[in-house]
2 protein chains.
Amino acid sequence: MPEPDKKQQMTPEEAPEKGETNGRSDTLNGKTRDDFDLAAVYVSDAQYNRNIFFETTPEAIRLYLLYNHWVLHIVVYAVIVVDLALAIFEDPAVIPLPIWATTLIELVCLAAFVVRLVHYAKVISRERFWKDPKNICIICVILLSLTDIVIYGSLKATGYTAVRWSRVLRPLLLINITEGRQLRRAFRSIRNALPQILYVFLLFMFSLLMFSLMALKLFGKKGLTTTDGDAYFTSYLEIVFDLYVLVTTANSPDIIMPAYNSSVYFAVFFIIYVLINTYIFMSVFLAVVYNNYKKYLKEEVRQLVRANRHKMARAFGVLQEWKGGEGPVVTQASWNQLVRLVQPDISNAHRELLWSVSDNNNEGCIGKVAFVQLADLLNMTVIVVKSRPHPLQTSLPSLYLSSPSQLVCRMVRHRWFVYAFDFIILVNAVFIGLDEENPLIANAEWAFLALYFLEILLKLYTFEPKAFFSRHEFWNWFDTLIVVSALIATIINSVVKSSGGYTSRQILDIVFILRVLRLIRVVDSIQRFRAIINTLVRIGPTILTFGQLIVVVYYIFAMVGMELFKGKIRFFDAESTDPDREFCGNPLLKNSLFAKYNYCKNNFNDVVSSFILLLELTVVNQWHDILFKA
Amino acid sequence: MPEPDKKQQMTPEEAPEKGETNGRSDTLNGKTRDDFDLAAVYVSDAQYNRNIFFETTPEAIRLYLLYNHWVLHIVVYAVIVVDLALAIFEDPAVIPLPIWATTLIELVCLAAFVVRLVHYAKVISRERFWKDPKNICIICVILLSLTDIVIYGSLKATGYTAVRWSRVLRPLLLINITEGRQLRRAFRSIRNALPQILYVFLLFMFSLLMFSLMALKLFGKKGLTTTDGDAYFTSYLEIVFDLYVLVTTANSPDIIMPAYNSSVYFAVFFIIYVLINTYIFMSVFLAVVYNNYKKYLKEEVRQLVRANRHKMARAFGVLQEWKGGEGPVVTQASWNQLVRLVQPDISNAHRELLWSVSDNNNEGCIGKVAFVQLADLLNMTVIVVKSRPHPLQTSLPSLYLSSPSQLVCRMVRHRWFVYAFDFIILVNAVFIGLDEENPLIANAEWAFLALYFLEILLKLYTFEPKAFFSRHEFWNWFDTLIVVSALIATIINSVVKSSGGYTSRQILDIVFILRVLRLIRVVDSIQRFRAIINTLVRIGPTILTFGQLIVVVYYIFAMVGMELFKGKIRFFDAESTDPDREFCGNPLLKNSLFAKYNYCKNNFNDVVSSFILLLELTVVNQWHDILFKA
């Protein structure tokens, strides 16, 4: 992500070429360098949807440019990741580290946040700083974490047990930093949609309670039993829970069978229940969530567009000049200077293109309406297709242009070349499915690797390498990466094997995964599949934002779960002869389904286990069994 | 549904009042009665979205009017229902009937379809009749059914086993009759959306096969075992099946545990699998189905609107007259005659309203544009709110208008009256939850019933009864129905109890259900809940169309399943001492989970069991266990 404050990088050749001066105190059309800085900040804020009301003094602007430097963004993200990842090393730990080490790392992280916050406070006015709940929230989290560290440290030092409760607050930092804009927007849309969802949820709960009451009256006195011999549907709260689980379909059809075995008519009760609650209510839920989320997201985007237009209007206000009879305009010279400040790495051709789009009457200056589009224009990806000759053609023209060489190129460009390699991939898939300990199969692998490598070399021979590896050629990158890493891994594997006679399981697993991944290439040959994949890739960033959101929620639950349940369930290796293995080290689980199904590893003993457990709970099935282990 | 051919019902007072003549050979503005009949048929076809290209001879039109008579529609539906319901009485039967009886009923049904088809053939041209695949399909189904009956009958008579394979074809009749228009439209939309869905499905299958191959390579040689001690993930086809089941979440987390127990990293494999296949692919599926279905439904509706406009234009062509300088128009007299033919039960006031909407310049005649709207205008529901005085007010004015009586009315209209009864309902809910064998509770029930009855009486006293029970007052109908039936059921129950000292379980169950249903009334008091319920009621017809569609699909599967699996699994009562009870009467199921979980009643032994089983399979969970019973 190119950032606006790389003004030092501007090539000296570029500026004089346009007859412009380059220095802090110099002016262009009566505008100082500070004016251009201010306008550039407005434009890049609009470009990246930043919404910070910075002070407009030259000093604050320079600090603000520094604040938005991409290196600092990366540092902040790194600090957040390190802070959240501390859960891996803290008790209950996956990889235990001494308390002084984790505490030290946490203090460094907190210090980094303090520095970042102080920097932010210098950029915006004092009043705005204290009015913003995000800043207050960060300050509170930092203070609470420090308090917790002190309490925990002193309790541990004196030998008491202590709880690191402030770890739950860590994800709040991710949400409240300036970089968490997207995340906050998603949270806000969800929060705004909540009231509407609540009403459907209440109606659903009402329906659940009604059905439970009916089930109590219908089945409570019939003396039915489950397969385990327990009484069936006799307590109201148990019925509510069982029927709630039935909505998620997790205990179907077990919960239905006792009643169904007693009479066919009772099955009708459950069918109506499932139709109303699982199908109708869940569909209404989906519809309400979808519609409301869409509505509020539209509102958010509309506000964003309005704010961006406002920022661009301010930038225009800073740079405007008066031209006879045409009202305020921005000249091409000012515009060029501004664009070079905002995006220093932009090529001259690209900038000329943007100008000709803005000034389509070729008047040498643009009005407010055309100027306001600049941020959107800069956000557009312009793909420059240069038909450069192949480097071999320039260095060895006689060889490269000879007829055998040109025949190879024509062959590679032919569509039968693609078909041939699709066929090879399919044959490869069959070979992968066969037993790899057969020497023929093992050697065939080398042949396939050689073929794939040859394909890449041929393509590099035919197509211009820079175009082949340009940024938007996703599949070329993917192919090369997979084939080269498979080659390296296979070589390492055979070296290890031939030297020690011993095959490393990890390396072999990686080799297998790489082999199978190679097959994905077939997808690229089929137009429709490529369209679906491209759509998925395009919605990727949105999915990532939601991924962050889900990680935040999971993290909080994992922290709480770990403090509450750590060590309650232990996992024993298959070779273990410990008598506790039978019931996961918890006498409460003796003879339970949980222990019988070997679910012992589903526990809150460390952060990785917790995340996997929470994911399993999300996937829904058997969740009621898992839930009752504590 | 009022139908257009009730011309005999037109009241003789109405026609002379407008100075029009009423007889087949008479004319109005030069248009014969046949012209009006033809125009009326066009209008009512547009009104009910019928799309039949009937012959325009007076004879065919009269037959067509008869064909669309509502009594015949009901007869056709009844015949369809009887034909489909035969599955209940045919072997394998819920209620066995002798073969001659079911065969006779089926022959009557088939005869009815033949008559209906012959009638249809007389309405449209011969060429159109034989071009329409729907008619060909009905003829084929009838012929195949007759062949099957003959073969089955003769095989049974000679003592061979025989299969009633033509039962699978019965739902085709429901789809192909004229009345199945909505159903066909839904089917068509699904069929049109299929190609798009297919591509996503293929990509999903590709992903499934890739992951299975990876799983085979990763886990196949590790020697892992499941909790049952079986080999884990060693055969490719088994892996594909297991991973497919995992997409539906039915075997999570059991299928994950062996790998997870072996290494935490393998859990990552499953997490990626579930994220990609269960979440991303299933969401893409939903999105593709939603978008395509919407797109094709829109197209269908657009075609429908175009066809309707075309029909209305034809009706206009039949009735148009030339008026100086204004082009073709339809006069008010013709229009009135037409509307009375199309909808004989329309009130004069309603008709005048529709005319004033069409002829808003009050010119006494309307052009084509205004005329074309007629079908839509007739489809609009016009609620006539008449502030009629209460019947008691007219019969006993002195009593009804006295101050105590008016106080009662004001009280009932007060919102605290609603709150009071909401409170009573809540108290009632608590009482229902308590043990009903306590004499206090049992007597309280009488008190509640009396209170509810009093409420209805008070409301009838206050509000005009006809308005109270008007067609759109859903909740008043609901209340009265529930309270009156609860009263009747409770009285019957106590009579039975006091006479024989024995409580009939069925009656008691009905009483309980009615009691709980009463509580639903609370929903009506809360504005938001009412809005949700009203929305659900409004999309009811669409859901019903889909219900029919699902029943058609289930019926076909149930028929096939019954022929394939009938009698393979038997259900034994809990008291049965038959040794076969252990394994549902099928030695193959010895020690299987299926028998252990007591799933024996999930079988294809009769049509009711089959439907319940198919519903359970739709609800997804444990479906892999159920599936393998055969």
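Sorting the segments A:608-616, A:144-152, B:168-176, A:36-44 by their mean number of nearby beta carbons within 10 angstrom, highest to lowest, gives A:36-44, A:608-616, B:168-176, A:144-152.
Among the trypsin sites (Lys or Arg not before Pro) in the stretch B:468-531, those located in a DSSP loop and surrounded by at most 11 other Cβ atoms within 10 Å of their own Cβ are B:Arg471.
From the Kirkwood radius over Cα pairs of the stretch A:236-362, Stokes-Einstein at 20 °C and 1.002 mPa s returns a whole-number translational diffusion coefficient of 101 µm²/s. Per-residue mean of foreign Cβ neighbours for B:289-296 is 0 (Cβ atoms of other chains, 10 Å radius). The A:Lys295 and A:Phe241 beta-carbon pair, evaluated with R₀ = 30 Å, returns a calculated FRET efficiency of approximately 0.30. Return the loop-located chymotrypsin sites (Phe, Trp or Tyr not before Pro) in the stretch B:426-485 (DSSP other than H, G, I, E, B) with at most 13 other Cβ atoms within 10 Å of their own Cβ; answer none if there are none. Listed in order of number, the matching sites are B:Phe469. Taking Cα atoms only, the orientation of helix A:332-342 departs from the longest principal axis of chain A by about 40 degrees.
Estimated from the Cβ-Cβ distance and a Förster radius of 51 angstrom, the FRET efficiency linking A:Asp376 and A:Ile491 is about 0.55. The chymotrypsin sites (Phe, Trp or Tyr not before Pro) of the stretch A:315-417 include none that meets both conditions, a loop assignment by DSSP and at most 16 other Cβ atoms within 10 Å of the site Cβ.
Beyond 23 Å, the tail of the calculated P(r) for the stretch B:69-176 holds 31 percent of the Cα pairs. Note on chain A: Kirkwood radius taken over Cα pairs, Stokes-Einstein applied at 37 °C and 0.692 mPa s, translational D equal to 105 µm² s⁻¹. Set the bar at 30 Å for Cα to Cα. Now go through B:Lys122/B:Lys156; B:Lys31/B:Lys466; A:Lys122/A:Lys323; A:Lys298/B:Lys294; A:Lys31/A:Lys134 and name every pair that lies beyond it. With Cα atoms farther than 30 Å apart: B:Lys122/B:Lys156; B:Lys31/B:Lys466; A:Lys122/A:Lys323; A:Lys31/A:Lys134.
Multiplying each eigenvalue of the alpha-carbon gyration tensor of the protein assembly as shown by 5 and taking the square root yields semi-axes of 61, 47, 40 Å, largest first, rounded to whole angstroms. Helix-only arithmetic for chain A: the sum of -39500 (n - 2.57) across DSSP H runs with n ≥ 4, divided by the residue total, places the mean residue ellipticity at 222 nm at -21500 deg cm²/dmol. Remark on the stretch A:391-538: Rg and Dmax equal 17.6, 51 Å (Cα only). Inter-copy label distances at A:Trp70, using a point 7 Å along Cα-to-Cβ, come to 7.2 nm with the shortest given first.
For the residues of A:262-268, the average number of beta carbons from a partner chain within 10 Å of their own beta carbon is 4. The angle between the Cα long axis of helix A:264-273 and the longest principal axis of the Cα atoms of chain A comes to about 30 degrees, rounded to the nearest 10. If you take the Cα centroid of the stretch A:197-273 and the Cα centroid of the stretch B:446-512, the two points sit 26 Å apart.
Counting every other Cβ atom within 10 Å of each residue's Cβ, B:Tyr120, A:Tyr419 order from fewest to most as A:Tyr419, B:Tyr120.
A label point on A:Ser263, set 7 Å along the Cα-to-Cβ line, lies at 5.7 nm from each of its counterparts in the other copies, closest listed first. The C-alpha radius of gyration of the stretch A:185-301, expressed as a fraction of 2.2 N^0.38 Å, stands at 1.32. Placing +1 on the Cβ of every Lys and Arg and -1 on the Cβ of every Asp and Glu, with no other charges, gives the protein assembly as shown a dipole of roughly 1980 debye about its Cα centre. Copy-to-copy label distances for B:Thr248, where each label lies 7 Å from Cα along Cα-to-Cβ, are 1.9 nm in order of increasing length. Going by alpha carbons, how many degrees (0 to 90, nearest 10) lie between the helix axis of A:282-319 and the longest principal axis of chain A? So the inclination is approximately 20 degrees. Each of B:Asp509, A:Asp376 has some number of other Cβ atoms within 10 Å of its Cβ, and from fewest to most they run A:Asp376, B:Asp509.
Just so you know, all these numbers are worked out from the coordinates, no wet-lab data involved. Remember, it's a predicted structure, so these values are computed and weren't measured experimentally. Methodologically, a virtual Cβ is constructed for each residue, glycine included, from the backbone with ideal geometry; neighbour enumeration extends over all protein chains shown.
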